[in-house]
Amino acid sequence: MACISPDGKPTESGSKMLRALQAGLGSPEEIAKDTGLPLFRVRSGLRELAEAGLAKQRDDRYGLSEEGAKLIK
Amino acid sequence: MEEVKEQIGHMPRIGEPAPAFEAVTTHGVLKLEDFKGSWLILFSHPADFTPVCTTEFIAFTEIHPELQKRGVELLGLSVDSVSSHIAWVRNVEEKTGVKIPFPIIADLSKEVSLDYGMIHPGQSKTETVRCVFIIDPNQIIRTILYYPLTTGRNMDEILRIVDALQTTDKNAVATPANWRPGDMVVVPPPNTQEMAEERLKQGYECTDWYLCKKKL
């Protein structure tokens, strides 16, 4: 898992993506630009966050889930 | 050997869509489609903790900034485990100060290696040879290079090919032997007699009607 550590906490790159989602950014392209992470890492990371229930996907855009919001409080 | 030969099956070719994959890497699980919209250099090496591969990874890291300027991502691959890759990457950084910035596929199952024809049983039944696949933003294979186990790759040539492909795509031209950015490019050959006659009047530098060059 690149975005979530074995202890369930987001990694540095995972936290960056969650914060970008919290700020209202939704597409992988927008999040890559905001975080400075490569686009392929963001696409893969968002998929992982969604599978873990920390992000929600609708078409090509992502949003923060309630679980994700709790993690970055 | 026969079993490996049977597994190889179709070898990807230039102009074909790159085979899709989902693979464990040092940067998490990556799919080919994650790279859509970027150029991608997918390359294989025989094994971690081996001398020629170590020099290549340092060399790929050195050209990484130049590749990034050209919108190209790098993705390595070998049949070693992700733990081995992580240990090797950390060792290279500790011993040489070079931090490998790109992901490396851990293809323990050989699924990706076989789909891309990276195992050449005449060289090794178990390891991948030194392959380079240059894949365009539409995920079409544009160049394939194979090097034997004993010969490290030439990074200048890889950069030159990227420059040539991007110049071709942008300007609808071809590039002559030993072309470098800034050199004259080749105008595509004419398809009709009329076009052949017209092009001789267009101010190109022509050796004859079929070989004309121009400055970009």
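The values are calculated or read from the model by the stated rules, or taken from the named source; none is laboratory data. Just so it is clear, the model here is predicted, and its values are computed rather than measured. Counting neighbours? That spans all protein chains shown, and the Cβs are built from the backbone with ideal geometry, glycine included.
Counting residues that are within 14 Å of chain A (Cβ to nearest Cβ) and under 23 Å from B:Ile158 (Cα atoms), which strands (runs of 3 or more DSSP E) fully inside region B:3-95 reach at least 3? If you could, list the steps in order and put the result at the bottom.
Details: elements: B:22-25, B:28-31, B:39-44, B:72-78.
In region B:3-95, the matching strands (runs of 3 or more DSSP E) lie at B:39-44, B:72-78.
Against the definition (of a type outside the set (Asp, Glu), closer than 30 Å to B:Val129 by Cβ, touching a Ser or Thr at 6+ places or on another chain (Cβ under 9 Å) and surrounded by fewer than 16 Cβ atoms within 10 Å (Cβ to Cβ)), how does B:Pro148 come out, yes or no?
Numbers: of a type outside the set (Asp, Glu): yes; closer than 30 Å to B:Val129 by Cβ: yes; touching a Ser or Thr at 6+ places or on another chain (Cβ under 9 Å): no; surrounded by fewer than 16 Cβ atoms within 10 Å (Cβ to Cβ): yes.
Answer is no for this residue.
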Handout entry: Any hit, region B:165-173, residues being loosely packed, with under 13 Cβ neighbours inside 10 Å, touching a residue at least 12 places away in the same chain (Cβ under 8 Å) and among the small types (Gly, Ala, Ser)
Key = yes
Completion exercise
chain A: helices (runs of 4 or more DSSP H) wholly inside it with 1 or more residues that are of a type in the set (Lys, Arg), within 14 Å of chain B (Cβ to nearest Cβ) and surrounded by fewer than 15 Cβ atoms within 10 Å (Cβ to Cβ) are A:28-35
Handout entry: The listed residue being of a type in the set (A, V, I, L, M, F, W, C) and either at pLDDT below 95 or under 27 Å from A:Leu37 (Cβ atoms) (or both), out of B:Val186, B:Val82, B:Val173
Key = B:Val82
Problem - Members of region A:1-15 found to be under 22 Å from B:Leu74 (Cβ atoms) and either modelled with pLDDT of 95 or more or acidic (Asp, Glu) (or both), listed by number - result: A:Glu12
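Given the criteria in contact (Cβ under 8 Å) with a residue 12 or more places away in the chain, among the polar types (S, T, N, Q) and touching a Cys at 6+ places or on another chain (Cβ under 7 Å), does B:Ser81 qualify? Break it down stepwise before answering.
Values: in contact (Cβ under 8 Å) with a residue 12 or more places away in the chain: yes; among the polar types (S, T, N, Q): yes; touching a Cys at 6+ places or on another chain (Cβ under 7 Å): no.
Spelling it out, it is not the case that B:Ser81 is in contact (Cβ under 8 Å) with a residue 12 or more places away in the chain, among the polar types (S, T, N, Q) and touching a Cys at 6+ places or on another chain (Cβ under 7 Å).
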Handout entry: Condition check for B:Ile100: away from every other protein chain (no Cβ under 12 Å), under 15 Å from the mean Cα position of the chain (by Cα) and not small (Gly, Ala, Ser)
Key = no
